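J.: Let me begin by handing over the structure; questions about it come next.
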Amino acid sequence: MHCGQLIDSGANFCGGCGGQQVCSSCDDPLTKGQRYCAKCGDEVQKSEVSTVESKQGRRSFPMFMWAILGGLVVLFFFQYLFSDDAEVFSFGGFNQSPEVVVEEVFEAVEMGDMQKAGRFMDTSLLWDMDFDSDGVPPYVTIDVLDMESETSGNYSSVYATVEVYPEPYFGNPVSLFIELERVNGKWMIYEIDEY
């Protein structure tokens, strides 16, 4: 009667949709959509199947789970933002690993962008941001052959072996010792030496 499926005589509910066929109080036949029995006035039971189907079709994620998930994301973000091991992420230049900072400086020098390279230099390091092609030849390339770092708290030492082209007067490869300090969450180079 409810969903069009044939129902056995004597069945109180439809096997297809779970719709109630007869009043549970007086056994009077019911019609589709009837909320109360016309004979005794009792309320017709809602179909358990249709309730289950509507819940399954929706499959909503409980609100408390969203709150827990959101809290974990925020906790994870702040844990790495303010921890000593915050080298994994890069949020707008903050918390990059010392190796990434050194590579970005090398790339900036290759592009002749001393302003960009200077953003990674501590103010204690004399770095001429207006340094132009007088000191860096055009089309310079810096190939990193090897890079290792040692980090302790807010200090890091990077050992880099690079080849520079055109070749510098002192020859290739060039071994650099680069010291960095994390200042306000950002790694800054404060010393560059050959070793």
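One line per residue, one yes/no per condition, for (1) part of a helix (DSSP H, G or I); (2) modelled with pLDDT of 75 or more; (3) among the hydroxyl-bearing types (Ser, Thr, Tyr); (4) surrounded by fewer than 16 Cβ atoms within 10 Å (Cβ to Cβ):
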position: Phe89; (1), (2), (3), (4): no, no, no, yes
position: Gln96; (1), (2), (3), (4): no, yes, no, no
position: Glu99; (1), (2), (3), (4): yes, yes, no, no
position: Ala117; (1), (2), (3), (4): yes, yes, no, no
position: Asp130; (1), (2), (3), (4): no, no, no, yes
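J.: Search segment 15-27 for residues that are assigned by TED's automatic domain parsing to the domain that holds Cys37 and pair each with any residue that is of a type in the set (Gly, Ala, Ser) and surrounded by 16 or more Cβ atoms within 10 Å (Cβ to Cβ) when their beta-carbon atoms are under 9 Å apart and the residues are at least 6 apart or on different chains.
T.: Every condition considered, the pairs that remain are Cys17/Ser47; Gly18/Ser47; Gly19/Ser47; Gln20/Ser47.
J.: What do you reckon, is Gly153 under 15 Å from Gln96 (Cα atoms), in contact (Cβ under 8 Å) with a residue 60 or more places away in the chain and surrounded by 13 or more Cβ atoms within 10 Å (Cβ to Cβ)?
T.: Here the answer is no, as Gly153 does not meet what is asked.
J.: Is there a residue being in the same structural domain as Glu103 (by TED's automatic domain parsing) and at pLDDT below 90 anywhere in segment 151-165?
T.: Checked segment 151-165: at least one residue is in the same structural domain as Glu103 (by TED's automatic domain parsing) and at pLDDT below 90.
J.: In addition: Among the residues in segment 167-178, are any at pLDDT 90 or above and under 14 Å from Ser97 (Cβ atoms)?
T.: yes
The values are calculated or read from the model by the stated rules, or taken from the named source; none is laboratory data. Note that the structure is a prediction, hence the values are computed from the model and not measured. Cβ coordinates were reconstructed from backbone atoms using ideal geometry, including for glycine residues, and neighbour counts include every protein chain displayed.
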